[in-house]
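Worksheet: the structure to be examined is printed underneath.
The values are calculated or read from the model by the stated rules, or taken from the named source; none is laboratory data. No experiment lies behind these values; they were computed from the predicted model shown. FYI the Cβ positions are ideal-geometry reconstructions off the backbone, even for glycines, and counts take in every protein chain you see.
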Ligand SMILES: NC(=O)c1ccc[n+]([C@@H]2O[C@H](COP(=O)([O-])OP(=O)(O)OC[C@H]3O[C@@H](n4cnc5c(N)ncnc54)[C@H](OP(=O)(O)O)[C@@H]3O)[C@@H](O)[C@H]2O)c1
């Protein structure tokens, strides 16, 4: 078996979410050796110092050209994902790309092709796949702990004033509003637990309350999942409350599982009992995600969150947008 070495990984784009992830992964020195690239040398230098990096670059191009770098993790706006991936692929670097894969199916396909043609690994950084509670729920469902699956209901409510910013509030640059940005995690969860929906019906929250934000504040969607399972996703960035309310309820014929996805425990409900199951700290799922990325490179295999998986998530999000526009349920096309 191949011996695993820390992967020389360059963090590209020293912005808000990179910081959140780095707080959780910077000590994984047996898995990754971190470098940093920013369009601003001062930012790259600061992130490198703050997170114990091995070096920094004053541009993305410089990082891509450096032979020490084996992989690049892009934390960049959605409208630059295509050019970011092309740059890394041209220089033979493996790619971890923040969700969504792109803004359109054709962008997603172009990204997958760039990585495939260059023979480098492409993984979409969909951290929900790696949340311990979601993995535990999948295990419980497959063990029959709640009988036959009937319904998955997810709720995210908060006031996403942070969604306002130079690119996020621009519908073109973001590719939509809150659903393509945050709702996509819950779509991915439904797909991971129950399969790809055949149809979706979606409505947006109205009237809009997030100021200066072109895209939708939130979406309520009903999904026809395989085997007649119903999915319900409510992703709201326009609920005027201080903290986020997140909840997932997975219901079967003999029981139900309930949890907040970022928590460390779930509750298994039966008609006559209620059991709490501890699964350990979630780390937002990012520690498991980084291990998976390093492991798929070391063992030269496709990642469990491949470009294709990212494209499927995107196709459901875009079908939700079409449903909003048409006012009807729409089929989810295979991408
Ligand atoms: N998985 C999750 O839970 C989660 C949560 C939040 C965000 N995300 C994803 O992470 C990515 C980045 O989001 P973020 O919240 O970190 O955004 P952000 O705070 O705005 O940071 C984005 C960074 O991208 C770089 N960048 C490159 N080209 C740019 C351009 N043309 N305009 C502006 N910035 C540019 C900048 O870094 P430099 O100046 O250093 O080059 C900037 O700081 C997105 O794909 C987003 O969907 C994921």
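Results, tabulated for the structure shown:
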quantity: Test for residue 215: is it within 23 Å of residue 31 (Cβ to Cβ), assigned by TED's automatic domain parsing to the domain that holds residue 164 and part of a loop (DSSP other than H, G, I, E, B); calculated: no
quantity: Unique residue being part of a loop (DSSP other than H, G, I, E, B) and either more than 14 Å from the ligand (Cβ to nearest atom) or surrounded by 19 or more Cβ atoms within 10 Å (Cβ to Cβ) (or both) when the list is 146, 124; calculated: 146
quantity: Complete set of residues in the range 16-46 that are exposed (fewer than 15 other Cβ atoms within 10 Å of the Cβ) and not in a helix (DSSP H, G or I); calculated: 27, 29, 30, 39, 40
quantity: Filtered residues of the range 166-190 (kept if within 11 Å of the ligand (Cβ to nearest atom) and farther than 20 Å from residue 209 by Cβ); calculated: 166, 167, 173, 175, 184, 185, 188
quantity: Candidates 275, 267, 239, 251 - the one that is out of contact with any helix residue (DSSP H, G or I) (no Cβ under 8 Å at 6 or more places or on another chain), in the same structural domain as residue 161 (by TED's automatic domain parsing) and closer than 16 Å to residue 148 by Cβ; calculated: 251
quantity: Filter result (touching a helix residue (DSSP H, G or I) at 6+ places or on another chain (Cβ under 8 Å) and within 16 Å of the ligand (Cβ to nearest atom)) within the range 192-213; calculated: 192, 210, 213
quantity: Subset of the range 256-286 (residues that are at positive phi and assigned to a loop (DSSP other than H, G, I, E, B)); calculated: 280
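Residues are listed down the side, and each one gets a yes or a no for (1) within 15 Å of residue 37 (Cβ to Cβ); (2) within 12 Å of the ligand (Cβ to nearest atom); (3) part of a helix (DSSP H, G or I); (4) in the same structural domain as residue 184 (by TED's automatic domain parsing):
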site	(1), (2), (3), (4)
61	yes, yes, yes, no
69	yes, no, no, no
72	yes, no, no, no
79	no, yes, yes, no
87	yes, yes, yes, no
92	no, no, no, no
95	yes, no, no, no
100	no, yes, no, no
103	no, yes, no, no
